[in-house]
1. Filter the stretch 28-44 for residues that are modelled with pLDDT of 70 or more and over 11 Å from residue 62 (Cα atoms); which is surrounded by the most Cβ atoms within 10 Å (Cβ to Cβ)?
2. Among all residue pairs at least 6 apart or on different chains, which show Cβ distances below 7 Å where the first residue, located in the stretch 75-92, is without any contact (Cβ under 8 Å) to a residue 40 or more places away in the chain and the second is not in a strand (DSSP E or B)?
3. Kindly establish whether residue 47 is modelled with pLDDT under 95, surrounded by 14 or more Cβ atoms within 10 Å (Cβ to Cβ) and farther than 18 Å from residue 93 by Cα.
4. Among the numbered conditions (1) at pLDDT below 85; (2) loosely packed, with under 12 Cβ neighbours inside 10 Å; (3) under 16 Å from the mean Cα position of the chain (by Cα), tell me where residue 19 comes up short.
């Protein structure tokens, strides 16, 4: 899927992973009780952070990485019926391998 949103600077566009609807013990979790997801897949990245002297520092993450981010990080975006999250690379706490 080609997305037509290109993040600027050190920003990253993440598609949050859906929260599971059934717990490990088999209990069905209603939408109202689900927590905001904190994992997602990167679908677009910006060119990197620009330093004061004009050099660009490339991002550590890349398209396709599955990442963990802060619970209240970024800006939620709805694009073509899909939910996305636009965050700075600093808001990403880790890469799931």
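The values are calculated or read from the model by the stated rules, or taken from the named source; none is laboratory data. Please read these numbers as outputs of a predicted model, since none were measured by experiment. Positions of Cβ are generated from backbone atoms using ideal geometry, with glycine treated the same way; all protein chains shown enter the neighbour counts.
1. Here is the first cut: in the stretch 28-44, the ones modelled with pLDDT of 70 or more are 38-44.
From what's left, over 11 Å from residue 62 (Cα atoms): 38-40.
Values: 38: 16, 39: 15, 40: 25.
Top of the filtered list is 40.
2. The qualifying pairs are 91/70; 91/73; 91/74.
3. Details: modelled with pLDDT under 95: yes; surrounded by 14 or more Cβ atoms within 10 Å (Cβ to Cβ): yes; farther than 18 Å from residue 93 by Cα: yes.
So residue 47 passes the test.
4. So the condition that residue 19 fails would be (2).
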